[in-house]
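Input: a single structure, listed below in structure tokens.
The values are calculated or read from the model by the stated rules, or taken from the named source; none is laboratory data. Just so it is clear, the model here is predicted, and its values are computed rather than measured. FYI the Cβ positions are ideal-geometry reconstructions off the backbone, even for glycines, and counts take in every protein chain you see. For the accessible areas, the whole protein counts, side chains as well, though only heavy atoms, and no ligand, DNA or RNA atoms are used. Shrake-Rupley method; radii C 1.70, N 1.55, O 1.52, S 1.80 Å.
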Amino acid sequence: MVPCDSISDAYRVEAQLLRTFVTVARLGSFSAAAVELGYTQAAISQQIAALESDLKVPLLNRRPVTPTEAGGRLLQHAEAILLRLDAARADVTRMTRAPSASLVVGATPLAGGSAALPLALSALRQRLPRLDVTVQVGTRDHVLTSVARGELDVGLTDGLTAPGDQLPEFAALTAVCVSQVGIAVVLPTGHPLAGRASLRLTDLADARWIAAPQVAAPLAEIRRLAGVEGFRPAFHYDGLDTLSLIKLAAAGHGLTLLPETARPETALPETGIIAVPVTTPRVVHRVELMHGTLRERSPAAELAALLAPRD
């Protein structure tokens, strides 16, 4: 029989090799990976060679440093495996650490801009007046990954989905629906469709769209939900500011989708913009609270209870 310690050491070594491989592939450089991981460049090369020898296939092209076809496939598995390991470590830590006097919340731009989070945080501060609260805004992937790794206590994320459906699951996190509302397309007031009482997504397939994947729904997701081709980008916005996106739409650079509750024409009356509800197909904007194991009576658990929908 193989001693248990030997099995444990083997998994520990393999995880380190995978982490090194992911870092080299992400940075596209052996030397940069060495600096980030705190190894010599020779040690990084040896670890990659050991992984390639174990799998009996080249994983990285050397000049330039890019994943081979096999390396690209391994990268998909390795990132998920390493995130699961980080999530397991963070989950155990959350269960055993002492209650904290601080709370770090992550939120995507539209989720953080909804009324739910500010109201819940106000109620929490009344209960815990000395609580130090930080809200970090980021993309959905950043928020989910940071919650899984224990870098954020909880996260609020959003996305488009069919009514009643959850957004895609992530790692070992628990998802709780905070809100679910209809969607509207943001149009300049002079747009030919601005006078409609409602619109179908299919009516907009050939329109000019703003690609803003860090703040709004990706166009590929809108295309999938509409069930038709089209929804091609005429303008790209890589920022995280919702108001900037609305102003771009107001200036005629393209269309975008927002939750009905955002009502940009009310928030920004000077922009000359209107939000027309989308009724077909039935698509909703869903906000979810994402968390790992929550210690009873911790600030994170208190916030989760405040954000939970009331019957």
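Before moving on, here are some points about what is shown:
- Residue check for R26: closer than 23 Å to L83 by Cβ, surrounded by 12 or more Cβ atoms within 10 Å (Cβ to Cβ), of a type in the set (D, E, K, R) and touching a residue at least 60 places away in the same chain (Cβ under 8 Å): no
- Residues (surrounded by 17 or more Cβ atoms within 10 Å (Cβ to Cβ), touching a strand residue (DSSP E or B) at 6+ places or on another chain (Cβ under 7 Å), in a loop (DSSP other than H, G, I, E, B) and not hydrophobic (A, V, I, L, M, F, W, C)) located in region 146-201: D153
- Hits in region 232-253 - residues which are farther than 14 Å from V186 by Cβ and assigned to a loop (DSSP other than H, G, I, E, B): R232, D238, G239, L240, D241
- In region 280-301, of all residues being open to solvent by 50 Å² or more (accessible area, probe 1.4 Å) and of a type in the set (D, E, K, R), the one that is nearest to R224 (Cα to Cα) corresponds to R282.
- Any hit, region 134-142, residues being part of a loop (DSSP other than H, G, I, E, B) and crowded, with 17+ Cβ neighbours inside 10 Å: yes
- Applying the condition of being over 14 Å from the mean Cα position of the chain (by Cα) and closer than 25 Å to T279 by Cβ to region 152-165 and asking which residue is modelled with the highest pLDDT yields T161.
- Complete set of residues in region 39-48 that are open to solvent by 50 Å² or more (accessible area, probe 1.4 Å) and either of a type in the set (A, V, I, L, M) or part of a loop (DSSP other than H, G, I, E, B) (or both): Y39, T40, A42
- Screening E221 on (1) at pLDDT below 90; (2) acidic (D, E); (3) assigned to a helix (DSSP H, G or I) shows it passes everything except condition (1).
- Taken residue by residue, region 77-99 has no member that is touching a strand residue (DSSP E or B) at 6+ places or on another chain (Cβ under 9 Å) and open to solvent by 30 Å² or more (accessible area, probe 1.4 Å).
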